[in-house]
Amino acid sequence: MVSFGIDIGSTTSKCILLRDGQEIIGSSLVVGGIGTDGPRKAVQQVFEAAGISPDEASVSAVTGYGRSSWKDADFQVSELTCHAMGGRFIFPELRTLIDIGGQDAKAIALDKSGMMKNFLMNDKCAAGTGRFLDVMATILQVSVNELGTLALTAQEHASISSTCTVFAESEVISQLASGADRTAVMAGICDSVATRTATLAKRVGIVEPVCISGGVARNAGVRAALEKALGVKLLYSELSQHFGALGAAVYAYRKSGAKSE
Amino acid sequence: MAEEVVVKKTRPPLDPNSAKFKLGQIAAKAYSDAMEAKARGEKVGWISSNFPVEIPETLGIHVCYPENQAAGIAARGGGARLCEVAEADGYSNDICAYARISLAYAKIKDAPEQNMPQPDFVLCCNNICNCMIKWYENLAKDLNIPFIMLDIPFNPDNEVSDEQVAYVKGQFLAAIKQLEEITGKKWSDERFKEVMENSCRTSRAWLDATAQAKYTPSPFNGFDLLNHMAVMVTARGKVEAAEAMETLAREYKENHANGKSTFRGEEKHRIMFEGIACWPWLRVTATGLRDRGINMVTTIYADAFGFIYDDFDSMIRAYCRVPNSINLETSRDKRIKLCKDNNVEGLLVHVNRSCKLWSGFMNEMSRQIGEACDIPVTSFDGDQADPRNFSEAQYDTRVQGLTEIMETRKEAKA
């Protein structure tokens, strides 16, 4: 039995195909989220990658900010539940998940059985999200991933004290204009995202193992800064950005009985 | 091509004997009575929500509530327009949106969403928040009218001391004297006794009505309380209010006996809603819950308007114990009791940008409530009257997450 999960985010669309709730047989990631043709392309790509036709997926679930606009799925689930399920699929003992996506950040507490027991999300502000990094990377004329990699080479960390994306943008420009080292500024930017997210994680309660998911998880600079801010080792998977879609596929598989009833 | 026929649904008229009709009439009459009094040349005032209503009611003075007006304006779509008027005059958009709307209204003197007469004096009490002081001071200064202020300080202790009662009582008596001088009306102890009895009777009926949420399913939709509380704020000293609230309690009991509820659909989950309603997005916030079968069965308002007392001094004690003037532990315990009494399964917290006082301590308080009641807690950003501080998508995700936790817990128990 093949279950299909799609995560329509604010900036990207991700899909996962899962066989018998255990084996990932296809994945896709397309830049372009809600309101674009990204979801459609991501669906097309995942079935091509798995070498099966869409008819072979017997059950499906959609998640992400675009979940309510996608009518083809059997189930619609919040990204909170999906990230928790996706994280637990990859890391079976997982107790805390930190997800940093394009426009929000969340900290999710799981109980011993893997059930989501509580969560916290960022307030109505772009600080501490992928959008913050996008803005900063644009100023520094590097990609978001380069920003993270270069931050790791910094000899010292600049202090980005503003919590507002727009104010932080001005602060970064001022520091660069004053001749601050670019890698130090990059490290300061990663620290800014990490400290903002760490407060959420601390409030929800850190219980190890802890993992990071979402697009920002791919940023090595933020991962390192977050580990330092929390004082724990962060588990990371190359599939971290797919946890939402993976969780949706897991959810669809578990609920497949409900669909057939 | 056939002509399209649009059939507009019309609601059946309300039964004039129903609580909803009676309560609506009382709330509307408060405004029309004040308008008529002003037209007759009587002095009318603006009053903050936790100023003792017994004082103007006993004196026979008509007053209007800027907080209720601002909520009404916001619920009918005028919040941003009036906030922008105040902001153009230099008021920060970080201050209370009720204050901004009220200050704007005092300037432009017209809001089709909810008009009320301009004041001849203002009555302010800071037991609900301290922003109130500067808001009312500015109203008084802008309009060049008397400012009557009752200072009821935040109480860090668990009980109200005799010293605090004495401090507040002196101010109550001074306020009565000032009002007698301004309006020419006289205080009557006999009339106060009647008002006190009405207020206690109304409060008892309110507590009785809200307590019916102890039943599962609840015989009412908790959003009803947000509408009905307008009468608790403005008119609880009137005999009509007591009768209407008693009707409400009776209806809820009948609903329970007959297996009915004002909550439409199946009640799958029961939550407590914490904070002032997000009036500009009331429909969205209510629908987001109702569509998932979530009934908001209780709020702190259920407890907050239980003003039960039997003389002048105990009335003062009651006003020294309103929700925003008491310590975190007492506030928490009141909410824990409401959650337990009403079988609450989750807590939804409105982080209200307008109300720093209320929202500021909610991170910690809601954590403690969640632990004590073993329920999941989530919060959303919003505002009581400024529509610009809310994101529907963010609200929806948080409510869905809360729902999924409650569902999973039920499945695990089953």
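Each value in this text was obtained by applying a stated rule to the coordinates, not by laboratory testing. Predicted, not measured: the structure shown is a model, and the values here were computed from it. As a convention, Cβ positions derive from the backbone with ideal geometry for all residues, glycine included, and neighbour counts pool all protein chains shown.
General observations
- Mean separation of Cα contacts under 8 Å, 6 or more apart, over the residue count of region A:92-236: relative contact order %: 32
- Rounded to the nearest 20, the size of the Cβ-charge dipole of chain B about its Cα centre is 680 debye, with Lys and Arg at +1 and Asp and Glu at -1.
- Inter-part distance, region B:57-130 to region B:374-404, computed on C-alpha centroids, equals 26 Å.
- In a simple Cβ point-charge model (Lys, Arg +1; Asp, Glu -1; nothing else charged), region B:287-414 has a dipole of about 100 debye relative to its Cα centre.
- Over all other residues within a Cβ to Cβ distance under 14 Å of A:Ser113, the charged ones net out to +4, with Lys and Arg as +1 and Asp and Glu as -1.
- Other residues lying with their Cβ under 11 Å from the Cβ of B:Leu179 contribute a combined charge of +1, Lys and Arg counting +1, Asp and Glu -1.
- All-pairs Cα distance distribution in chain B, expressed in whole percent, bin size 10 Å: 5, 21, 32, 27, 12, 3, 1, 0, 0
- Cα point-scatterer Debye curve for the protein assembly as shown, base-10 log of I(q)/I(0) at q = 0.12 Å⁻¹: -1.27
- On Cα atoms only, tilt of A:243-254 relative to the major axis of chain A in degrees: 20
- Between 0 and 90 degrees, the angle of helix A:130-140 with respect to the longest Cα principal axis of chain A falls at about 40 degrees.
- Linear extension gain, B:Ala28 paired with B:Lys109, 0.36 nm per residue minus alpha-carbon span: 27.3 nm
- Arranged from fewest to most other beta-carbon atoms within 10 Å of their beta carbon, B:Arg81, A:Arg182 become B:Arg81, A:Arg182.
- Net charge of the neighbourhood of B:Lys337, taken over other residues with C-beta under 13 Å away and scored Lys/Arg +1, Asp/Glu -1, is +1.
- FRET efficiency, B:Asp310 to B:Glu371 (Cβ-Cβ, R0 45 Å, nearest 0.05): 0.75
- Whole-angstrom gap from region B:258-300 to region A:131-181, using each part's C-alpha centre: 44
- Residue-averaged 222 nm ellipticity for the protein assembly as shown, from DSSP H runs of 4+ at -39500 (n - 2.57), nearest 500: -15500 deg cm²/dmol
- Relative exposure of A:Leu234, B:Leu338, A:Leu176, judged by other C-beta atoms within 10 Å (fewest first): A:Leu176, A:Leu234, B:Leu338
- Projecting the Cα positions of A:Phe132, A:Ser213, A:Ser174 onto the charge dipole of region A:92-236 (unit charges on Cβ atoms of Lys, Arg, Asp and Glu, taken about the Cα centre) puts A:Ser213 furthest along the positive direction.
- Among A:Cys190, B:Cys320, sorting on how many other beta-carbon atoms sit within 10 Å of each Cβ, with the fewest leading, yields B:Cys320, A:Cys190.
- Cα centroid of region B:175-207 to Cα centroid of region A:24-39, whole Å: 66
- Two-decimal ratio, region A:92-236, of alpha-carbon radius of gyration to 2.2 N^0.38 Å: 1.02
- Neighbouring Cβ atoms from other chains, within 10 Å of the Cβ of residues in B:392-404, number 6 on average.
- Gaussian network model of chain A, springs between alpha carbon atoms under 10 Å - residue of A:Lys124, A:Lys14, A:Lys112 with greatest fluctuation: A:Lys124
- Options B:Phe220, B:Cys355, B:Gly265, ranked by Cα towards positive dipole end of chain B, top entry (Cβ charges): B:Gly265
- Kyte-Doolittle mean at least -0.5, axial Cα span of 24 Å or more - DSSP H helices of chain B: B:19-39, B:162-183
- Averaged over peptide B:374-386, the number of partner chain Cβ atoms lying within 10 Å of each residue's Cβ comes to 2.
- Short-range pairs are left out: with C-alpha atoms under 8 Å and at least six residues apart, the relative contact order of region B:2-115 is 19 percent.
- In this Cβ point-charge picture (+1 for Lys and Arg, -1 for Asp and Glu), region A:92-236 has a dipole of about 440 debye about its Cα centre.
- Residue-span extension gain [B:Asn363 to B:Lys186] - 0.36 nm each, minus C-alpha spacing: 59.1 nm
- Inter-chain shielding of A:167-179 (mean C-beta neighbours from other protein chains, 10 Å cut-off): 0
- On Cα atoms only, tilt of A:165-177 relative to the major axis of chain A in degrees: 40
- Mean separation of Cα contacts under 8 Å, 6 or more apart, over the residue count of region B:118-259: relative contact order %: 19
- Most fluctuating residue given options B:Tyr65, B:Tyr215, B:Tyr252, as computed from a GNM of chain B linking Cα atoms under 10 Å: B:Tyr215
- Dipole of region A:1-90, positive end: most advanced residue of A:Gln76, A:Pro54, A:Tyr65 [Cβ charges, Cα centre]: A:Tyr65
- Residue with peak Gaussian network fluctuation, chain B [Cα springs, cutoff 10 Å], from B:Ser354, B:Ser32, B:Ser48: B:Ser32
- Using 0.36 nm per residue and subtracting the Cα-Cα separation, the extra length available between A:Lys71 and A:Glu93 on full extension is 4.6 nm.
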